[in-house]
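No lab work stands behind these numbers, since they all come straight from the coordinates. What you see is a predicted model; the values in this text were computed from it and never measured. Cβ placement follows ideal geometry from the backbone for every residue including glycine, while neighbour counts extend to all protein chains displayed.
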Amino acid sequence: MSGSLMRITTPIIAAVAVWAANEGLKSGYRASTGQQPPEAEDLNAPMSRVLLFSVASAALGATVHVAISRGIAKMSAKNDDYSEPA
């Protein structure tokens, strides 16, 4: 993958992956607690639960983003090593 194409596609792929991971986190929360995940705007939800879910969501998002970005960079480096003969 060329450098410019990688710079365009990596954030898009990472954003979709982060969205999917967060949807999975919400689904897992519902399955394990039987409740909807807490949201910052919900004043009835305990602040500790809102903060814990927010931290878990942010950590998951950052981890997925870094993993996708590094994976694509490694694939791109491998492909650059195997350039076509002239």
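Brief remarks follow.
- Filter result (more than 17 Å from Ile68 (Cα to Cα), among the aliphatic types (A, V, I, L, M) and surrounded by 12 or more Cβ atoms within 10 Å (Cβ to Cβ)) within the stretch 1-35: Leu25
- Residue count for the stretch 38-66, restricted to those that are touching a residue at least 12 places away in the same chain (Cβ under 8 Å) and of a type in the set (Gly, Ala, Ser): 5.
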